[in-house]
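Peer 1: I have a structure I would like to understand better, so I am pasting it below and will then ask my questions one at a time.
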């Protein structure tokens, strides 16, 4: 895998991380439960730190690091805002959207990991993927708890 391909892969993951940061931060703004707000903000900070780590690697590989999210992520955030308005920004709606966002992140990390990444990049991507999986599991668990309370 040449340097340009490594940079492209890392930049896609930076966009994914930035999408997660923006999505979690937006959900925190609309969540009603204070504990859920804190969880969303903590996940947003983790995504921000993950993006920063990947940005450093892009520079090490001679590229220019992305500093924003993807167009798809922007559309998703817009959809979250529309759905939130329609659903009254329920905590359940925010959790469902966060889980959906983490589904996308998991797919993007899986795609990156099938590439022939240099070992230093693979180690970081694998570690970050574990974090994405933990976020997804947490969002699913919180979503299931919220569904049970509204049932």
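Read-outs: derived from the displayed coordinates by stated rules, not from any lab. Quantities reported herein were computed from a predicted structural model and do not represent experimental measurements. Because the Cβ atoms are built from the backbone with ideal geometry, glycine has one as well, and the counts that use them run over all protein chains shown.
Peer 1: Pop a pseudo-label 7 angstrom from the Cα along the beta-carbon direction at both residue 123 and residue 3 and give the gap in nm to one decimal.
Peer 2: Those two pseudo-labels are separated by 2.1 nm.
Peer 1: Now for a separate question. Go ahead and set up a Gaussian network model of the chain, Cα springs under 10 Å, then flag whichever of 131, 62, 50 fluctuates most.
Peer 2: Highest fluctuation of the listed residues: 62.
Peer 1: Still on this structure, I have one more. What are the extents of the Cα atoms of segment 3-150 along their three principal axes, listed from largest to smallest and rounded to whole Å?
Peer 2: Sorted largest first, the three principal extents are 49, 24, 22 Å.
Peer 1: Here's a follow-up. In deg cm²/dmol, rounded to 500, what helix-only [θ] at 222 nm does the chain give when every DSSP H run of at least 4 residues adds -39500 (n - 2.57) and the total is split over its residues?
Peer 2: Values: 5 runs with 126 residues, N = 151.
After summing the helix terms and dividing by residue count, I get -29500 deg cm²/dmol.
Peer 1: Obtain the nm distance between the two label points defined at residue 145 and residue 116 by a simple spin-label model: each point lies 7 Å from its Cα along the Cα-to-C-beta direction.
Peer 2: Here the answer is 4.6 nm between the modelled labels.
Peer 1: What FRET efficiency comes out for the pair residue 137/residue 32, r = Cβ-Cβ distance, R0 = 25 Å, nearest 0.05?
Peer 2: On the way: r = 23 Å, r/R0 = 0.91.
In this case the efficiency is close to 0.65.
Peer 1: Now, a different point. Using Cβ contacts closer than 10 Å as the measure, can you line up 67, 103 from fewest to most?
Peer 2: Numbers: 67 11, 103 14.
Arranged by neighbour count, lowest to highest, 67, 103 become 67, 103.
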